[in-house]
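Here, each number is a calculation from the coordinates, and none is a lab measurement. Everything numeric here is computed off the predicted structure, so don't read it as measured data. Methodologically, a virtual Cβ is constructed for each residue, glycine included, from the backbone with ideal geometry; neighbour enumeration extends over all protein chains shown.
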Amino acid sequence: MGCVHGKCCGRYPQSSDGDLRDFRDAGPYSAQRKHILSERSLELVPVPSHDFRLEYSLLTQRGYYPDSPDKENQDSFCVRTQVRGNPNIHFFGVFDGHGQFGTQCSNFVKDRLVEILANDPTLSADPVKAYNSAFLTTNYELHNSDIDDTMSGTTAITVLVIGNTLYVANVGDSRAVVAVKDGNRIIAEDLSYDQTPFRKDEYGRVKLCGARVLSVDQVEGLKDPDIQTWGDEESEGGDPPRLWVQNGMYPGTAFTRSVGDSTAEKIGVVATPEVSVLQLTPNHLFFVVASDGVFEFLSSQAVVNMAAKYSDPRDACAAIAGESYKLWLEHENRTDDITIIIVHIKGLSNSGGGVTDGTSGTNNRPATRLRKVSESSVTTGSEVFLSVRSDSSEVQSCQLVLSMNRSPAIVVPSPACQSPWSCD
């Protein structure tokens, strides 16, 4: 759910430590009925400070736009292992570009955000501060680059693994979700919350910054503009509330935070991330980082349910992307770009104590269940969830520091498979 003018689509960008083959013209299976990711190795990275490992795969699928068959894939992704040369720090990110230069914006942010983060000497000691600084600095650099971000930008959903702790920074409406084993069930817990005018806190913040918040039907006079309630994203996702300048028909963003979008920045669309912190336990099975192309018609729980059916994250990525693509075409005559990273958490035990900085086995603070401390964040009901907001993201702050042919759908892999996660 990006800008009112839609999204572009088409290219599969490089990740920071590997590439992804182009699937646009490939069928879902080879003659041997191998799934489409069969030529991409399954990646595995250890976290020696807590003696567990991460097993991951990713997939990006160009959207289908019948009116613009040659548009590029505006999604990009980044996986950077051993950040700062530290074997216990790993980065996963998905960036969903929008606007005329959305591809350039998402690729710029993909490259610069992790570099700035990696070069911050405070990263291990204060990851939340480093995250906020990295996002704001990246936004400033994009504004001052050769890329025209007046009406273009990107969302960003990123997960930084430091030892046995996840730091999740979100700007926009992509999403991160963790799967939690709870008795004989596997529960999806959101690690981020879509930043859109559907949220009362975000609605209030952008209104104070001068934004008009109206759906397209309201802007065009088909509905009463004085009615400032829109239900929820599930019921009103087809015509969501958008942000407009006071006396113009732009920019029409359906999100309230992004990197870039210098015009929308003047009416409250900020690049300050919401950062969440989660201490992992053996009950955390895997996490998913994905663009809103995945979550437009699939709930977080549905995505976790599908992913839990597969022991190989490559198969899980293909299944979820295929289902997302199918649902898009059932509801609309196009699809969004779809990008997904699935990371399995393998071998984590209760030993090792509390949260550390990932640089040694020493504890910074005692092992404890974390509680919600930010009044601006939506609670999940989980006691292990902590949300942190920097001082620069107060509600009153309106300015940042420094100021084709149809693409084949990805089909669910053919081998039927029992859930690999034992819930006995």
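Packing-based ranking of 324-330, 65-71, 168-174 yields 168-174, 324-330, 65-71, ordered from highest to lowest mean Cβ neighbour count within 10 Å.
Given region 218-352, what percent of its DSSP beta bridges are antiparallel, to the nearest 5?
Numbers: 7 of 8 bridges.
Of all bridge pairs located within region 218-352, approximately 90 percent are antiparallel.
Of the GluC sites (Glu not before Pro) found in region 129-238, those that fall in a DSSP loop while having at most 15 other beta-carbon atoms within 10 Å are GLU220. What is the distance in Å between the Cα centroid of region 328-351 and that of region 188-207? If we compute the Cα centre of each part, the gap is 21 Å.
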